[in-house]
């Protein structure tokens, strides 16, 4: 069932360690089938090396397992909240990649300091608010999804396809699972550049809005002229 | 004799350079057979590349070589003290991995700054006290084990399966030698995240106890729901 | 047509990820045929893995595509301005390599702090001025080339074969495309050394002109005695 | 002629990029035949990838080429001064490895901050004095050797088998060329640990002499008990 969706989720999950974004088994990615209301996700706590496409678990909108012998990732409820709230998203990735996670642990957004950032993210990559004690004690993983969605109340998730969960790490998304992984790679690289830039100049440099817009739009805007279109 | 124990120790020792935790031949791991009161350990000063399972040295509780042509690691007395004091431990690993060792050299515990840390260590990873001049001049390696055990007088070694020996480097342990190595990998990654986080925000951020407990317990507690159980 | 030029450009472009200078597809290199007034350049937004020599796009001095099915890199106008202004240049490379880009994002030149730098660059590697709002809104990529050329009004591009475009990243050049790539590798390494040196000693150390001249000239001067000449 | 010596020098030179100590072709190593008064050294400016044992150049005590088609490394005079002054040395290595070079560029010795350092170097790794303008203009490479020897006037080169040439980079040595390379690997790792430690605790921690002696001597002293002796 849904062999193609499982294959897409599998490729995305394999991409995470291949790009150096996960150590041990911190991290996972989902692929979304909006028509059927089903996601394919990595099974919980399984080594990336031993993962096969058939191991992907199919879960419906309510988090009920539709197919698969293994238990889905414990982060499944977070992914489901994102998928339901962000309409055009076809894939979500979660990693503990080192530089992005360091910003999350410091409780700091990743500021716009260079054009590399603008090529992917149309503004700073925001950090969620602290979870309350009640949220931590309750449906912790679903609450994590909710603070992400809350943080985007006034932001467009397609213009800034990434967030830092405070003290935890990044989630990224995209129109496909592969794009979510690409955004995770870009996020980690931008976080590394930002940390190094702040090391050289601790106060940073205010970034001109015109340059941010130009770079984002030449790749993603209506008149985009980057790539083979 | 004890082929399986030697194989387990061998795999653990090979895992250290494979995970980038040792350069040259700094580091070693042991596997423990509690029923027989015997450990298998790496021979001293032998290159990891040339290591074979049969090279592992068998040593009893008093540090006497039971089998093996080669001399055991000079850290053997440290491992033995840990093994005798920490009842449920089946393996111990010692590395000079770069970030954990930097905290040890700075004489600083690794603080809890993120959920990655909580997934493995239920609190800060402590640093031992300074050895006295007399302890350094005496049975130096056994004394190193003793200050580790002393440091855990009020800590549970299974809740925090790692320590930093001041000015030296980390030791980690687990129910098996493989788990000790996994904890060494996690420790180095958490130390890296902590150093980077402190680089971005030198004072750190106080971590909520509720979040620490939630993450540790969802993986290790009585009601754990992480992985395939 | 111009198979050799396309091969040279292809090899240079492949060298960028091979030397760890580009992630995703940030970066490109050109090879120049001055006699014919033609450059070979990477197509826009194509993955390095799938690149073949025949994919290289041939462009004339005015930026008109002379041969090639694919659209040339969006950075083509920048390369063309450099090629027209810097007479002896046979290749140009552009990367987002992490340390050089961090200096560009901080708006700081890479200072001369060691002899490794002197072996390649006869002075600090300069950073361009900020683009005006009008320049950003206009022919952005050509304007980027113009501020580079402006910055070299009183510098010799063969003595300092590199520049940092403010907030963006480095461009390097050389007598051949291969030399441009070699200079990109050297620049990234010197930027890394400089960042680490400033980490140890934030004010840096003033560098003696005599030592800068000696190192640059023993490799590049009239009486050069480095290498097999 | 002297095939074994050339093989030893070749293996040492290949070890430098293999251990990540050189980028491009910064770096070289020599092997010494004291009985014949001859050294084997890397040819100048030749890529490590294309190097063969037969390319090694044989040079006598006065720097005269005894055998070899290629010109010896431009650093040959530095190596010769070291070889003549340090009696028990059988090999010397020179690299621009990133962390050790950063200390050299900052004009700072590598302080003793941990036991890893003590296992190889019986005290801080010193930095040479600034060369005078006259020394730079004269026999620059031989003068570089002379300030190294000067720096060891009151130090034992076998107890501290490494030095940082100010603003330039490290030289290491040993009883064989392979040991010189091993010391270059250890030096870079200790420099990395020291830089990271100072990042966590900028003032460092004074290191107890008793611990330094214990670690150095258990490996190198008269009663050494490390390794298979």
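The values are calculated or read from the model by the stated rules, or taken from the named source; none is laboratory data. The model shown is predicted, which means the values in this text are computed figures rather than measured ones. For neighbour counting, all protein chains shown are included, and Cβ atoms are generated from backbone atoms with ideal geometry for every residue, glycine included.
Annotations
- Selection count where residues are away from every other protein chain (no Cβ under 13 Å), crowded, with 18+ Cβ neighbours inside 10 Å and part of a strand (DSSP E or B), scope segment B:13-41: 8
- Leading residue by the ranking (surrounded by the most Cβ atoms within 10 Å (Cβ to Cβ)) among those in segment A:197-207 that are more than 29 Å from residue B:190 (Cβ to Cβ) and facing chain C (nearest Cβ under 9 Å): A:207
- Annotation note: of B:194, B:184, B:210, the sole residue that is surrounded by 22 or more Cβ atoms within 10 Å (Cβ to Cβ), within 12 Å of chain A (Cβ to nearest Cβ), over 14 Å from the mean Cα position of the chain (by Cα) and part of a helix (DSSP H, G or I) is B:194.
- Filtered residues of segment A:73-88 (kept if in a helix (DSSP H, G or I) and within 18 Å of residue A:48 (Cβ to Cβ)): A:76, A:79
- The set of residues in segment D:42-60 that are assigned to a strand (DSSP E or B) and under 14 Å from residue D:141 (Cβ atoms) contains only D:59.
- Residue-level check: of (1) within 12 Å of another protein chain (Cβ to nearest Cβ); (2) touching a strand residue (DSSP E or B) at 6+ places or on another chain (Cβ under 6 Å), residue B:162 misses just (1).
- Screening residue B:220 with (1) in contact with a helix residue (DSSP H, G or I) (Cβ under 8 Å, 6 or more places away or on another chain); (2) more than 15 Å from residue B:101 (Cα to Cα) gives one miss only, at (1).
- Residue match in segment B:72-79 (condition: more than 14 Å from chain D (Cβ to nearest Cβ), closer than 24 Å to residue B:30 by Cα and surrounded by fewer than 21 Cβ atoms within 10 Å (Cβ to Cβ)): no
- Single residue of segment A:104-131 satisfying the filter (farther than 25 Å from residue C:103 by Cα and facing chain B (nearest Cβ under 9 Å)) that is surrounded by the most Cβ atoms within 10 Å (Cβ to Cβ): A:131
- Selection within segment D:48-61 - in contact (Cβ under 8 Å) with a residue 12 or more places away in the chain and either over 19 Å from residue D:94 (Cβ atoms) or within 20 Å of the chain's Cα centre (by Cα) (or both): D:48, D:52, D:53, D:54, D:56, D:57, D:58, D:59, D:60, D:61
- Here residue D:224 meets each of (1) within 14 Å of chain B (Cβ to nearest Cβ); (2) touching a strand residue (DSSP E or B) at 6+ places or on another chain (Cβ under 8 Å) with one exception, condition (2).
- Where residue A:63 falls short, out of the listed (1) in contact with a helix residue (DSSP H, G or I) (Cβ under 7 Å, 6 or more places away or on another chain); (2) within 12 Å of another protein chain (Cβ to nearest Cβ); (3) assigned to a loop (DSSP other than H, G, I, E, B): (2)
- Meets criteria (crowded, with 21+ Cβ neighbours inside 10 Å, in contact (Cβ under 8 Å) with a residue 24 or more places away in the chain and closer than 16 Å to residue D:212 by Cα) for residue D:96: no
- Across segment D:90-103, not a single residue is classified as within 10 Å of another protein chain (Cβ to nearest Cβ) and either at positive phi or at pLDDT below 95 (or both).
- Scope segment D:139-172; condition crowded, with 23+ Cβ neighbours inside 10 Å and free of Cβ contacts under 8 Å to residues at least 40 places away in the same chain; matching residues: D:163
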